[in-house]
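Scroll down for the structure; my scribbles are underneath it.
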Amino acid sequence: MPSNSFKTEIFYQIYPASFKDSNNDGFGDIQGIISKLPYLKKLGVTFIWISPIYKSPMFDNGYDISDYQAVNKRYGSLADLKELFTQAHELGLKIMMDLVVNHTSSQHPWFQAALRDKTSKYRNYYIFRCGTNGNPPNNWRSNFGAGSAWEPVTGEDDTYYLHVFSKEQPDLNWENPELREEIYSMINWWIDFGVDGFRVDAITFLKKDQDFASISPDGNDGLAKIKRKSENRPGLEIFLRELKERCLSRVISVGETSGLRYNQFAEFVGQDGFFSMAFDFHYVDIDVESGSEWYRQTSWTPQQLGASIAKSQTTLQEVAGGWNANFLENHDQPRSLSKFIKDEAYQNEIGAKALALLYFGLRGCPFIYQGQELGLKNFKRTEITDFNDISSFDNYRRAQEEGFTPAEALNFVNKRSRDNGRVPFQWNNTTNFGFNAGHEPYIKLNNTCPSTTASEELANSNSVFNFYRKLIELRKNSPYQTDLVYGDFQLLTDVDTNVIAYQRGKKLAIYINFSNKPVEAQLPIAKVILNNYPELDNTDQNTILQPYQAILVERSL
Ligand code: GLC
């Protein structure tokens, strides 16, 4: 990796379509991002991750790229992007781009050439196979929940192409060295352009089992999760090592490593790992059996959440060079406030601050997803047609195929839809929350927290925004910096089962009452550094943590 200096970075993810629409066409854009750099600077983040802004037909909102070296016109131009880089760098902000190399858009010229001519070299850039007796080559189901992962090629008999995600996202054939070379030169072109880092999309899917065999079905449709044959499969490491050697060693990288097992973290993000960091999904997906099957919801307790976080932390801490990428939200997740705070009465600034402290205190780099710093919640939709996200439609359909009623299916989608975090950012309480000057946004506004806006929070010293600012300041510039950034993590178990508690370094501790009832504890507190309530009821003998009260303290040694 380039250096260790990234350990102090604080990341902020922008979902460009929904951040700020400067030209009032209903879509956010690069000039919109530029106009909000002072806001990000004020918050204190240091590294901006921008979800894909490349040319794309937008079936999966940019995660379907039709030209890796061009900017989507809706967002602006390469010149706008250059301006963004220059202005961000002048402010001391770094930029991380999204790198989507498991698949392209079906409109990418490579794929179009492959369709046009069976003998073209581009045929081998993708994964084409013959069917079996008029059926797809095997029974793999695409990742978004519904339907085969194979799409018949129009105009050709019995030929299919593979798509782990939607049919508009054909998978690249990483077995082909020529394809890999093209990808590497594209990545290096972006590094030369000035990119400081990459978030590497769906990277554990690069390797497919080459037997392309059917497996035992796991749903009423006779199909089986493609993950079982294409996620984190043997041989993946060969591609990732090459990718690192040829490109990623030049920048900071964070892998979207779904399906990664804990015993692999050393290889992936250790001293000589493939990435600087990797997202660990174990605890953010604690509410469902599997990330993509939203109708398989599970219940969880604060103790389980604490144990899951601790497992992630201690695993990475024990790996030489291991470092976490800590997050509660991203563009694929619902709002954390709605997911983790079970009592709706505390899905407010108390709950949002408790969650902020929960993960900002951890060892690793924190990632904030746009709007999380305001404490935004999920929306409530009454019609499936109100959604925009391709996987929400698939999950809605599949839940019904598995026997749920339309109302139940809608309920799952409301809870888990990726659209929850993708609604227009709430800048102020003017038209469309100040997202633009009034043009109807490409996605419906949130309808559950109209008074949560950036302008109100900037003005209120007690706001969630200002709580995040304080947390960031503590990590960047305070006597606690060394412990907060580098200190060892240790789960504290001598507390009530509703309290998640951990120690960082020698003297810092975090206690969070994860319930809606007061909890008594005997806590060795020398000094309260941060508190999401105005006060702490604390004597030498006894501390009472109020519902969802969260404190960062210096422990009396
Ligand atoms: C990743 C992205 C997600 C996208 C998928 C396919 O999981 O985070 O948004 O739909 O890859 O590119």
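Things worth noting here:
- For the chain, the longest piece that avoids every one of the GluC sites (Glu not before Pro) found in DSSP loops with at most 13 other C-beta atoms within 10 Å covers 1-155.
- Gyration tensor (alpha-carbon) shape descriptor, segment 409-497, a/c threshold 1.5: oblate
- For the chain, excluding the exposed loop sites themselves (chymotrypsin sites (Phe, Trp or Tyr not before Pro), DSSP loop, at most 16 other Cβ atoms within 10 Å), the longest remaining stretch covers 1-211.
- Helical contribution to [θ] at 222 nm, DSSP H n ≥ 4, -39,500 (n - 2.57), averaged over the chain, rounded to 500: -8000 deg cm²/dmol
- For segment 70-141, dividing the convex hull volume of the Cα atoms by the residue count gives 152 Å³ per residue.
- Only the Cβ atoms of Lys and Arg (+1) and of Asp and Glu (-1) were treated as charged; on that basis the dipole of the chain about its Cα centre amounts to roughly 700 debye.
- Compactness check for segment 7-152: Cα Rg over 2.2 N^0.38 Å is 1.30.
- Taken one residue at a time, the phi angles of segment 153-167 give Karplus couplings (6.51, -1.76, 1.60, θ = phi - 60°) of 7, 4, x, 10, 6, 6, 10, 9, 10, 8, 9, 5, 9, 7, 5 Hz. Gly and Pro are set to x.
- Each of 46, 479, 155 was scored by the projection of its Cα onto the charge dipole of the chain, and the greatest displacement toward the positive side belongs to 479; charges sit on the C-beta of Lys, Arg, Asp and Glu.
- Net charge of neighbours whose Cβ lies under 15 Å from the Cβ of residue 533, counting Lys and Arg as +1 and Asp and Glu as -1: 0
- Whole-Hz couplings from phi, Karplus 6.51/-1.76/1.60, listed for segment 178-190; x for Gly and Pro: 5, 4, 4, 4, 4, 5, 5, 5, 5, 5, 5, 4, 5
- Accessible surface, per residue, of segment 109-162 when the full set of protein chains is kept, probe 1.4 Å, Å²: 47
- Reported to the nearest whole Å, the Cα centre-to-centre distance from segment 195-251 to segment 376-397 is 27.
- Principal semi-axes of the equivalent ellipsoid, √(5λ) from the alpha carbon gyration tensor of segment 337-411, are 30, 15, 12 Å from largest down.
- Gyration tensor (alpha-carbon) shape descriptor, segment 155-303, a/c threshold 1.5: oblate
- Dimensions of the chain along the principal axes, based on C-alpha atoms and rounded to the nearest Å, stand at 79, 50, 48, largest first.
- Surface per residue (accessible, 1.4 Å probe) for segment 221-348, Å²: 35
- The charge dipole of segment 119-212, taken about its Cα centre with unit charges on the Cβ atoms of Lys, Arg (+1), Asp and Glu (-1) only, comes to about 200 debye.
- A 1.4 Å probe run over the protein chains yields, for segment 488-555, 47 Å² of accessible area per residue, whole-number rounding.
- Couplings 3J(HN,Hα) for segment 95-101, derived from phi with the Karplus relation 6.51 cos²θ - 1.76 cosθ + 1.60 (θ = phi - 60°), are 10, 10, 9, 8, 10, 10, 10 Hz, where x marks Gly and Pro.
- DSSP beta bridges in the chain [antiparallel fraction, %, rounded to 5]: 55
- Apportionment of accessible area to carbon and sulfur, the chain, percent (1.4 Å): 47
- Amide hydrogen neighbours beyond the local backbone of residue 172, cut-off 5 Å, H modeled: 103, 104
- Rg and Dmax [Cα atoms of segment 488-555; Å; Rg one decimal, Dmax integer]: 10.8, 30
The values are calculated or read from the model by the stated rules, or taken from the named source; none is laboratory data. Since we're looking at a predicted model, the values are computed, not measured. Positions of Cβ are backbone-derived with ideal geometry, glycine not excepted, and every protein chain shown enters the neighbour counts. The area values use the complete protein model at the heavy-atom level, side chains included, leaving out ligands, DNA and RNA. Shrake-Rupley method; radii C 1.70, N 1.55, O 1.52, S 1.80 Å.
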